[in-house]
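For reference, the structure discussed in these notes is given below.
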């Protein structure tokens, strides 16, 4: 098995806040990330596809094609946006890196034409990142059928 990864970047702001919690509980759990007007990150997204190289091209997936898919399906929709307000597929979701990675997976999985999506890794900073491998996860308020239609 061969694993091929494409790295992309985007900048976005968000606020970590649960509307069912009191202000005090949100402050206690999310601390500075609960800033009323949000805060920003320069995210790094790594998308890995696995498979066997095509005998006629040597590719698991054409990296230009993977780049274009990531740009069209993800980056164009989140770059320089406020994730809580400007991104319809994140509406009503607490935009933690964990939740974002799961949702990015659900969007990308249907768009990969060759190989199989193996992982989505999302860096919020140099020190903090999450990696998701497609295991079922229940995210409150996430309506996959709306995102995937």
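What do you reckon, is residue 45 in contact with a helix residue (DSSP H, G or I) (Cβ under 8 Å, 6 or more places away or on another chain), in a strand (DSSP E or B) and farther than 18 Å from residue 140 by Cβ? Outline the logic, then answer.
Values: in contact with a helix residue (DSSP H, G or I) (Cβ under 8 Å, 6 or more places away or on another chain): yes; in a strand (DSSP E or B): yes; farther than 18 Å from residue 140 by Cβ: yes.
So residue 45 passes the test.
Here is the figure for segment 1-25: residues that are closer than 18 Å to residue 97 by Cβ and touching a strand residue (DSSP E or B) at 6+ places or on another chain (Cβ under 6 Å) total 8.
For residue 107, the test of being without any contact (Cβ under 8 Å) to a residue 60 or more places away in the chain, more than 23 Å from residue 51 (Cβ to Cβ) and surrounded by 14 or more Cβ atoms within 10 Å (Cβ to Cβ) is failed. When residue 75 is tested against the conditions (1) in a helix (DSSP H, G or I); (2) under 14 Å from the mean Cα position of the chain (by Cα); (3) at pLDDT below 95, the lone failure is (3).
Residues that are assigned to a loop (DSSP other than H, G, I, E, B), at pLDDT below 80 and either farther than 15 Å from residue 100 by Cβ or in contact with a helix residue (DSSP H, G or I) (Cβ under 7 Å, 6 or more places away or on another chain) (or both) within segment 134-149 comprise 142, 143, 149, listed in sequence order.
So, of the residues in segment 1-20 that are in a loop (DSSP other than H, G, I, E, B) and touching a helix residue (DSSP H, G or I) at 6+ places or on another chain (Cβ under 7 Å), which turns out to be surrounded by the fewest Cβ atoms within 10 Å (Cβ to Cβ)?
Per the criteria, the residue is 18.
Could you list, in sequence order, the residues of segment 28-42 that are assigned to a helix (DSSP H, G or I) and closer than 29 Å to residue 79 by Cβ?
Filtering segment 28-42 down to residues assigned to a helix (DSSP H, G or I) leaves 28-34.
Correct list: 29, 30, 31, 32, 33, 34.
The C-beta contact set for segment 41-66 (first residue under 18 Å from residue 1 (Cβ atoms), second residue in a helix (DSSP H, G or I) and modelled with pLDDT of 95 or more, distance under 6 angstrom, 6+ apart or interchain) comprises 47/70.
When segment 124-133 is examined, which residues are found to be in a loop (DSSP other than H, G, I, E, B) and in contact with a strand residue (DSSP E or B) (Cβ under 7 Å, 6 or more places away or on another chain)?
Step one: list which residues in segment 124-133 are in a loop (DSSP other than H, G, I, E, B), which gives 124-128, 133.
Hits for segment 124-133 are 124, 125, 133.
Checked against (1) surrounded by 14 or more Cβ atoms within 10 Å (Cβ to Cβ); (2) in contact with a helix residue (DSSP H, G or I) (Cβ under 8 Å, 6 or more places away or on another chain); (3) touching a residue at least 24 places away in the same chain (Cβ under 8 Å); (4) more than 16 Å from residue 10 (Cα to Cα), residue 34 meets all criteria but (3).
The values are calculated or read from the model by the stated rules, or taken from the named source; none is laboratory data. This one's a predicted model, so the numbers in the text were calculated from it and none came from an experiment. Note that each Cβ is placed from the backbone with ideal geometry, even for glycine, and that neighbours are counted across all protein chains shown.
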